[in-house]
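*Asks:* Let me give you the structure first, and then I'll get to my questions.
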Amino acid sequence: MWPEALDPLLSKYLKADARSGSSRCEAASDTGSSQGARRHGMGGINISRNEQDATGVPMEYEIVPATEATMAEVEAWLDVEESIYKTAIEALEAEGYVGDEPPRGFRCNWDSVKRTWSEGNARVDILMVEGHAVGFLDGTDILEIRPDLRREGYGRLLADFMVDVAHNEGRSVLEIEIAPWTVEPFWKRMGFTVVPDRRGSGGGIYAYRILHKVYSFSDGERVSFSIQFYSEHERYRENPKPFSRFSGMGERLSDGSVQLPERAFCFEPIHSQHGDYFVSIELGGETIHFDKVKYETSKAKGIRLDAGYTYFIDRITPQSSPD
């Protein structure tokens, strides 16, 4: 049971938080957190738009890098949210733990976020609405909206921003952790695929979104290609089976390289991306390469590592003789 004996400000937040919910204190987010690279920053992207809220009232918002002032404003409402949580826990204990445990925000993670931000090792972006800091995004790790403003579409604004930044960084896949489980539908609506049986490093439900990279062709020669990615265990079987395969027709360019119509990437969502993966490349029905993705021989064929530490290939480079 939620306590009612709070001052007016706390009561306002309490009612909003009880309605919308927030995460417990984990290395995850009100709407999600990443397992990937949290130190890549946000690419210098600022967004400023005029839109309308659900009632048709004009709404001005912008997403900008944090400042000392906006960090302090966020901390103030995180403190309020944490006070609500502690008061609710005390009431729950007094009543013999009858009922559900109250939701908790991210004040418990805030000191760490603030420290890495102040040291220049992370970038925090702030959602400003009519001059007020109503939400924050810590890379792909933590996304939280002020409790009294949840379910107003602000979470979607920050989530869209996170996806746009990841795409502009050249990532092939955006990986997050979802906590609590009740926000899973939100992330599904945002285009993420949930892997129910997998947990991220922070304990949240693992989810990912493919960031497709599609390329146009001109009038160059068409050549068939096939790119397969294998686990280390599968590679040494008599008849290895890839966990992903990309094939089709590419375009041979003037330097002899072959442009793919779409990025091919080494990604296995069921398991963590920490194994020694292999890649095979075929051109015109001939296998020209079969080696570990991390080796220089693979790099020579066009394999690269993106900002999210996923190996990918956009263009097969000129060498065409078998290794």
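Please treat every number below as a calculation from the coordinates, not as lab data. Nothing here was measured: the structure is a model prediction, and the numbers come from that model. Heads up, the Cβs are rebuilt from the backbone with ideal geometry, glycines too, and the neighbour counts pull from every protein chain shown.
*Asks:* Could you work out how far apart the two model spin labels at ASP219 and ARG237 are, taking each label as a point 7 Å from the Cα in the direction of the beta carbon, and quote it in nm?
*Replies:* For the pair ASP219/ARG237, the computed spacing is 4.6 nm.
*Asks:* Follow-up. Residue by residue through segment 214-223, what is 3J(HN,Hα) from phi via Karplus (6.51 cos²θ - 1.76 cosθ + 1.60, θ = phi - 60°)? Round to whole Hz and write x for glycine and proline.
*Replies:* So the Karplus estimates, Gly and Pro as x, are 10, 10, 9, 10, 10, 10, x, 4, 8, 9 Hz.
*Asks:* Between ARG199 and GLU60, with labels modelled 7 Å along Cα→Cβ, what's the label distance in nm to one decimal, could you check?
*Replies:* Going by the 7 Å Cα→Cβ label model, 4.6 nm.
*Asks:* Highest first, please rank the peptides 78-88, 241-251 by the mean number of other Cβ atoms sitting within 10 Å of their residues. Write down the numbers at each step before the final one.
*Replies:* Working: 78-88: 19.5, 241-251: 15.5.
Ranked from most to least packed, the peptides come out as 78-88, 241-251.
*Asks:* Give me a comma-separated list of calculated 3J(HN,Hα) values for segment 245-258, in order, Karplus coefficients 6.51, -1.76, 1.60 applied at θ = phi - 60°, integers in Hz, x for any Gly or Pro.
*Replies:* Whole-Hz 3J(HN,Hα) from phi for segment 245-258: 9, 10, 8, x, 10, x, 10, 7, 8, 5, 8, x, 6, 10.
*Asks:* Here is a follow-up. Can you tell me the length gained on complete extension of the stretch LYS299 to ALA91, counting 0.36 nm per residue apart and subtracting the Cα distance?
*Replies:* Values: separation 208, 0.36 × 208 = 74.88 nm, distance 5.97 nm.
Difference between extended and current length: 68.9 nm.
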